[in-house]
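The structure under discussion appears below in the form of structure tokens.
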Amino acid sequence: FLGAGKPPMFGDYEAQRHWQEVTYNLPIRQWYFNTTDNNLLYWGLDYPPLTAYHSLVCAYIAKLINPDWIALHTSRGYESQPHKLFMRTTVIVADLLVYIPAVILYCFSLKETSTKKKASICALCILLYPGLILIDHGHFQYPSSAVKFLSIYKVTLLGLALWGVLYLSYDWDLLGSVAFCLALNYKQMELYHSLPFFCYLLGKCFKKGLKGKGLVLLTKIAGTVVVSFAVCWLPFCTDMEQIMQVLRRLFPIDRGLFEACMFSSPPPHCKLANIWCSLSVLIKIKNIASPQTQLKLSFAVTFLSLLPACIKLTAQPSLRGFKFALVSCALSFFLFSFQVHEKSILLVSVPVCLIINEIPFMATWFLLVSTFSMLPLLLKDGLLLAYTVTMLAFLSVCTTSFSIFEKTSAEDLQLKQFSLSLKGYVSWFKSFPKIVRTLFLLSVTLMAVLSLMSATVHPPQRLPDLFPLSVSVVSCLHFILFLVYFNVVILWDSKNSRSQKKIS
């Protein structure tokens, strides 16, 4: 297991430091190319241009403090307490400037949180989400970890996406488009949220009429998107080869369907809670299908799974439907798309945080499962105590603040219309709240037992990955049920229809 202080890769800490070294010392045209000064096999840049610019800004600051931190070649594997303090500071600054303000402003903008107290409680629950805390301030705080994803980029990405949602909630469509374009140019994983943004804005244009105000709005949004992308990509538009090389670095399809497993140690089984890794226990997809076939298969399944929510959102655009579609589409990407990483569940969890005030019971349940799904990674980083404390704290705060066990009726879970459509066929809807609470308690108990066994029990020698695999499969089953639930809420949502007059 390669980590800090261990050549040849030196771990996650070295990855971000090396990006600063590359962007500062090399001309832009060499950032994404393999050269004598830029070995792409050694933590080569594989994030979009905006991330590279962020690294360059950090590099200029690092140069002022200590030039040795980013010296070309000679700084490889550099570690010191002042440099670690600097790197941690970059994460905290990203939190304070981008993510936390977006969360607070969003909660205070909600109509449901009519008082400052309710808005503060909502913001507290979101900021206490254990998954992001553990990844941001535990796994990503530059420990001896060799995992490739980096905290400063993850939290900035999520913050930019939140700003996009915030702007759209105020009907500032152009600013929302800019914020989302910046997020997409910061990390390609923001594609998880791209279709809801596109369908919501397109639906608004349709409702306004494409022969009048709708056409004007569509033209403005299209121009905003083109300008935003042009500004981000301008230095790489000198020739087509530059553009294609950046795209090849961003989407390395040759790695195959289970790219995330390359970072497991050891990697005999996938420890990711999506459908492909769960199925790989029974069907060795990598052995029977080429990378190109895997890509086509994952694309087809992902597209079909998110199509219903996107069609509904385009036909009936509403802010509420947009937020639920963000969850549904992101979850479809996580479950079925190509080259997913276990921490990509954060791209689903943050949109779930945005609707915690509307469906507190299901949102709390999902956020607990999403954190549990990353347990093997958290245990590897020695975060068992932090995992236990943050999970219990989050559950306690949500239970106290939202009284989640009192909000399990079909109406509270946004399933009233669905239940009415099945009233003549399904009799157990009368006892629906009791069934849901029982399932929740069974789920939490199962997660607690698996967490305890993963941390204390040695697996059989012939099944060394028994517990990580169990965590992944159990989490995957939860996520599939959640996907069905969110799609049912979206498709049977009558509130979207009532909101059309306001949008028109």
Please give the net charge around R437, taking every other residue with its beta carbon less than 11 angstrom from that of R437, where Lys and Arg add +1 and Asp and Glu add -1.
-> +1
Report, in whole Å, the centroid distance computed from the Cα atoms of segment 432-492 and segment 191-254.
-> 37
Sorted peptide list for 402-415, 350-363, 30-43, criterion being average Cβ within 10 angstrom, highest first = 350-363, 402-415, 30-43
Subtracting the Cα-Cα distance of L175 and D239 from 0.36 nm times their residue separation yields 20.1 nm
Using only alpha carbon pairs under 8 Å that are at least six residues apart, calculate the relative contact order of the chain and give it in whole percent.
-> 16
Could you calculate the contour length gain from V444 to V301, that is, 0.36 nm times the residue separation minus the distance between their Cα atoms, to one decimal place in nm?
-> 48.5 nm
Where Lys and Arg each count +1 and Asp and Glu each count -1, what net charge lies around L128 among other residues with Cβ under 15 Å from its Cβ?
-> -2
To the nearest Å, what is the center-to-center distance of segment 271-346 and segment 73-139, using C-alpha atoms only?
-> 27
With each pseudo-label sitting 7 Å past Cα toward Cβ, what's the I288-F432 distance in nm, one decimal?
-> 3.9
Apportionment of accessible area to carbon and sulfur, the chain, percent (1.4 Å) = 69
Could you check the simple spin-label distance between L56 and A230, using points 7 Å along Cα→Cβ, in nm with one decimal?
-> 1.9
Calculated FRET efficiency for the pair L41/K118, C-beta based, R₀ 41 Å, to 0.05 = 0.20
Mind checking the dipole of segment 350-445: about its Cα centre, +1 per Lys or Arg Cβ, -1 per Asp or Glu Cβ, Debye to the nearest 20?
-> 300
In the chain, which whole DSSP H runs stretch at least 30 Å along their own axis (Cα) and average 0.5 or higher on the Kyte-Doolittle scale?
-> 291-315, 432-456, 466-491
Set the Förster distance to 45 Å, then compute FRET efficiency between L481 and L210 from the Cβ-Cβ distance, nearest 0.05.
-> 0.70
In whole percent, what relative contact order does segment 67-138 give with Cα contacts below 8 Å and a gap of six or more residues?
-> 20
Cut-off 16 Å, label 7 Å out along Cα→Cβ of K63, residues of segment 22-38 by amide N = 22-31
As a check on your grasp of the helix formula, calculate [θ] at 222 nm for the chain: sum -39500 (n - 2.57) over DSSP H runs of n ≥ 4, divide by the residue count, round to the nearest 500.
-> -20000 deg cm²/dmol
Subtracting the Cα-Cα distance from 0.36 nm times the residue separation, let me have the gained length for R88 to Q461 in nm, one decimal.
-> 130.4 nm
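The values are calculated or read from the model by the stated rules, or taken from the named source; none is laboratory data. Predicted, not measured: the structure shown is a model, and the values here were computed from it. Cβ atoms come from the backbone with ideal geometry, glycine included; neighbour counts cover every protein chain shown. Note: accessible area is taken over every heavy atom of the protein model, side chains too, but ligands, DNA and RNA are not part of it. Shrake-Rupley method; radii C 1.70, N 1.55, O 1.52, S 1.80 Å.
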